[in-house]
Protein chains: 4
Amino acid sequence: MAQPPFAHLARTIRERVAAQGFMQLMGADLSALEPGGATISVARRPDLLQQHGFFHGGVTAFLVDNGTTIAAATRLREGQACLTAEYKLNLLAPARGERLVCRARVVRAGRRMSVVAADVFSVQDGRETQTAIALATIAVVDADGLPPAGSRPGEVPEDMDPDRPGP
Amino acid sequence: MAQPPFAHLARTIRERVAAQGFMQLMGADLSALEPGGATISVARRPDLLQQHGFFHGGVTAFLVDNGTTIAAATRLREGQACLTAEYKLNLLAPARGERLVCRARVVRAGRRMSVVAADVFSVQDGRETQTAIALATIAVVDADGLPPAGSRPGEVPEDMDPDRPGP
Amino acid sequence: MAQPPFAHLARTIRERVAAQGFMQLMGADLSALEPGGATISVARRPDLLQQHGFFHGGVTAFLVDNGTTIAAATRLREGQACLTAEYKLNLLAPARGERLVCRARVVRAGRRMSVVAADVFSVQDGRETQTAIALATIAVVDADGLPPAGSRPGEVPEDMDPDRPGP
Amino acid sequence: MAQPPFAHLARTIRERVAAQGFMQLMGADLSALEPGGATISVARRPDLLQQHGFFHGGVTAFLVDNGTTIAAATRLREGQACLTAEYKLNLLAPARGERLVCRARVVRAGRRMSVVAADVFSVQDGRETQTAIALATIAVVDADGLPPAGSRPGEVPEDMDPDRPGP
C-alpha cells in the first residue's frame, strides 16, 4: 500500500467532506489541509448559537468530530478509510466571536488507529481565544468494506463490518 | 437554596433550551424530562447525515452535549445554572434509522460539578440499536453571573467569570 | 476463529494477569470473571493512599486500566489478544474504606475494538459507595504479533506492530 | 487571594506529594516544577511492568493522574487546593525503556477548574519515545474544607464537601 501523492488524497478528502449534508447545514469551511493536519471553521449565525449568544457546544463538537477525522484521513494509505472511534473535549471559555476555528493535528498515525489532537479558537476582530481542546481516536479501516459515498441506507449491505463506528 | 418544585424547574429548562438557535436548526425534540434524566432526539433529514447516509457524528455529539447538560439542570437548586465542562463519547455503530435518541442520566449531582452518563440509540421500525455511549462533566455555577438568555455578545460584561465554559 | 470454551479462556486470562509484576505490587485480586465482565479489587494499605488517607487516584486508574482490558479479554476469539487503547475516568467521591472494587462490563465487543464501561466502589463495613466511573476503548489484535508473556524488552522484535499500544 | 511566591508554593506541593504513600511505593520522582508545569517519572522495575515486559498501563495512568494535578497546583492561589476531577489518556506505543516520564502543562487555569494536558515518554539510551497523551480536568477548591495531610480516615469530618473527588 503506497502513499498516494498528497494532492490526490486531498482532492478525495475534499470530495467526501463536501458530500456531507451536515457539513453544508453548518456552513463549515475546510480551509487548510496538509499531511497530518486540517483546519475547519464556521462563521457566526444565529442558528448556531445557544441561549446566551455564544456558539453552541454542539457546534464545537461538530468541528472537533469532523476536524480530527479529516486530519487522520490526510495520513491514510491507498485503499484505507477512517472513521471516528471516540473523542473527548474540554470547553475552556465561552465561544464568542465571528468565527469558530478548529485546528486538528495527528499525534500518531497507526495502521489500525490514529490519535489526533485538536484546538478550537473563537476569532473576534482578528484576535483568537482558545475555547476548547480535544483528543480523538480514529479507526483506520479498509475502504472496500464501506458503502460508497452517497449511498442510501437501504443500499448498505447488512453484513457491513459492525466495527465501523462513525461518520 | 431550596429545591424548587420540579414542574417549575422543568418549565425553566424547556424555555432555555427553546431559546437555543442551534436546537431549532437541528429540529431537536426534548421529550422526557424528569429529576436526574433527559431524553432528546432528532428525526432523520438529509442535512443531518454524512457521506454514507448515516447520521453525522456531529449530530450525535450535539445530542450528547445538550442531553447531558439538560439532565444535570434537572438537579439544580434555586439560583444555580450549569454549563458543559467536558465530555467523552464513543461511537459504537453506524447511526442509521429514522430517529436518533439520546438518553442522559445524572450519575452524581454535586454542588460544584455533576457527572452525567448518556446512551444514544438509532430507531428503525420501532427497534433501537445503541450507536454511542458518553460520559460528561457539567459545571454548576451561580445563575447570577451568567448573561441573560437572549443577550447579544456585545452585552456580555467583559468581566464575566472566565470559568464559565460552555453552552 | 471459533469461540473457545469460557473455562479455557478464563484460565489463560488469569495466567496472563498473574504474570503482571504490577498486579502483584498492588496486591490486586481478580475475583469474578464471566463472559463480558470482570471484577478486580485491592485492599487498603498505607502505601496505596494519598496524603489525605484516601486511596490514591492512581490506584483507581490502575483498577480501571486493568479491569476494562480483562473484561474485553473475556470476549476474545481464538488467536486474538487485546490491549488498552484509551480510557477516561471521572472521580466521584473520596475513595475511603477497606477495599476498592472495580466492576467492568463490555458495552460492545467488536472485531477490531471493544468498548468497556467500569464502575469503582469503596467498601466500608459492607456498604459500597461509588467513587469513580470510566469508559474505555480496547484494541483487539492478533495474538501472534505480541511478544510472549515474560519476554524481556531486548527480545521484543523491533518490527513489532507499532499499533499495539498498551499493557 | 494573592499569588504566593512560587518558591513557597513549590515547597508546599513537594511536601504534600512526599506525604503520598503511593508516590513512595511507585518510587516516583517529581523533578521539574515551574508555574504551570510539572515533570514526574519512574524508573524501570520488574514490579512496575505487565506480562510483556513493558511498563504497566496503570503506571502511565498514575503518572498522568499525579502529574496533571501537581501541574494544576502550581497555579493555585493562597487558600486553594486542587483535586483530580477526571482525565482521559491514549496509550500510543509500548512503554519500553529505563524510565517513564510524564510532562504536564496547564492549558487553562480557572478559578473553579483547570484543564491540564500531559505527554508521557519512555526513555531508552537517552532517546525519548512518546507512549501516551492525556487531557485532565482538575477541580480547584478551598483548602479549608480538606482534611489535613496525614489525617487518618476516621478523622475526616463526615460533612466534608462531597464534591471533593480525588487524590
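Laboratory data are not the source of any read-out in this text; all were calculated from the coordinates shown. As the structure is a computational prediction, the values presented were derived from the model and not from experiment. For neighbour counting, all protein chains shown are included, and Cβ atoms are generated from backbone atoms with ideal geometry for every residue, glycine included.
How much FRET efficiency would the formula 1/(1 + (r/R0)^6) give for D:GLU34 and A:SER31, where r is the Cβ-Cβ distance and R0 is 41 Å, rounded to 0.05? My answer for the efficiency is 0.70.
The same position A:GLU34 in the other copies lies at 2.6, 5.4, 5.4 nm from this copy, comparing label points 7 Å beyond Cα toward the beta-carbon, shortest first. For D:LEU92, what residues show an amide H to amide H distance below 5 Å, using hydrogens built from the backbone and excluding near sequence neighbours? Those lying under 5 Å, H to H, from D:LEU92 are D:ALA132, D:ILE133. Sorted shortest first, the distances from the C:GLN80 label point to those of the same residue in the other copies are 2.2, 4.2, 4.6 nm; each point sits 7 Å from Cα along Cα-to-Cβ. In segment A:91-132, Cα pairs under 8 Å separated by at least six residues give a relative contact order of 44 percent. Dividing the mean sequence gap of close Cα pairs (under 8 Å, 6+ apart) by how many residues segment C:6-148 holds gives a relative contact order of 23 percent.
Shielding value for D:60-70 is 5, the average number of Cβ atoms from other chains within 10 Å of each residue's Cβ. Note on segment D:6-145: Kirkwood radius taken over Cα pairs, Stokes-Einstein applied at 20 °C and 1.002 mPa s, translational D equal to 142 µm² s⁻¹. In segment A:6-145, taking the dipole from charged Cβ atoms about the Cα centre, the farthest positive-side position among A:GLN20, A:GLY110, A:ALA10 is held by A:GLY110. Spin-label model, D:ASP142/A:ALA43: points 7 Å from Cα along the beta carbon direction are separated by 4.9 nm. Placing +1 on each Lys and Arg Cβ and -1 on each Asp and Glu Cβ, with no other charges, gives segment C:6-148 a dipole about its Cα centre of roughly 240 debye.
Under a 5 Å amide H cut-off, with hydrogens placed 1.01 Å from N, D:MET113 pairs with D:VAL140 among residues at least 5 apart or on other chains. Within segment A:65-129, all pairs of alpha-carbon atoms sorted by distance into 5 Å bins from zero give the percentages 3, 17, 24, 19, 14, 11, 7, 4, 1.
Protection proxy ranking of A:54-66, C:93-105, B:37-49, by the mean of other Cβ atoms within 10 Å over each peptide's residues and highest first, is A:54-66, C:93-105, B:37-49. Here is the tail figure for segment D:93-148: Cα pairs spaced more than 20 Å apart come to 45 percent of all pairs. Counts of other chain beta carbons within 10 angstrom of each beta carbon in peptide A:24-31 average 2.
With a 10 Å cut-off around each Cβ of B:33-44, the average count of Cβ atoms from other chains is 0.
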